[in-house]
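The values are calculated or read from the model by the stated rules, or taken from the named source; none is laboratory data. This is a predicted model, so every value here is computed, not measured. Using ideal geometry, Cβ is built from the backbone for each residue, glycine included, and neighbour counts are taken over all protein chains shown. Note: accessible area is taken over every heavy atom of the protein model, side chains too, but ligands, DNA and RNA are not part of it. Shrake-Rupley method; radii C 1.70, N 1.55, O 1.52, S 1.80 Å.
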Amino acid sequence: QVQLVESGGGLVQSGGSLRLSCAASGNIFSLNTMRWYRQGPGKQRELVATISSSGSTNYADSVKGRFAISRDNAKNTVDLQMNSLKPEDTAVYYCYLLQRGFNYWGQGTQVTVSS
């Protein structure tokens, strides 16, 4: 079993920054791609950022240049640094792991950006 626990969400003004963290525990294999998703009010869940086991990253166009994903394989954590936040970044942010054909999601952490 795998557990993912997100932290770091909150309320921030437009232009501000937040850092989200996802801690993975259980039967974790470090050679896994990790992802952050988000779901805004009335919207579908969307992929925000991806980081491979080697550290290669990809971002949604809407967050490129503002968000940075990173990981610490020794600690089984993946972080999402979010800068220059906009009201449209308001969403619940989820950590996601696909391992051996199973989908694992965290419980989500709320990010609210006020204008």
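Of note:
- Test result for VAL12, at pLDDT 95 or above, assigned to a strand (DSSP E or B) and touching a helix residue (DSSP H, G or I) at 6+ places or on another chain (Cβ under 7 Å): no
- Within region 71-90, the residues that satisfy the criterion of being in a strand (DSSP E or B) and not β-branched (Val, Ile, Thr) are ARG71, ASP72, ASP79, LEU80, GLN81, MET82.
- Those residues of region 15-59 which are surrounded by 14 or more Cβ atoms within 10 Å (Cβ to Cβ) and not in a strand (DSSP E or B), in sequence order: GLY16, ILE28, ASN32, THR33, GLY40, ARG45
- Whenever a residue of region 33-58 is closer than 14 Å to VAL92 by Cα, its partners that are open to solvent by 90 Å² or more (accessible area, probe 1.4 Å), lying with C-beta atoms within less than 6 angstrom and at least six residues away or across chains, give the pairs TYR37/ARG45; GLN39/ARG45.
- Residue check for ALA68: part of a strand (DSSP E or B) and open to solvent by 20 Å² or more (accessible area, probe 1.4 Å): yes
- The number of residues in region 80-100 being over 15 Å from ARG38 (Cβ atoms) and either open to solvent by less than 70 Å² (accessible area, probe 1.4 Å) or modelled with pLDDT of 95 or more (or both) comes to 4.
- Odd one out for ILE51 among (1) under 15 Å from GLY106 (Cα atoms); (2) in contact with a Lys or Arg (Cβ under 8 Å, 6 or more places away or on another chain); (3) at pLDDT 95 or above: (1)
- Output for region 105-115, where each listed residue is more than 13 Å from the chain's Cα centre (by Cα) and at pLDDT 95 or above: THR112, VAL113, SER114
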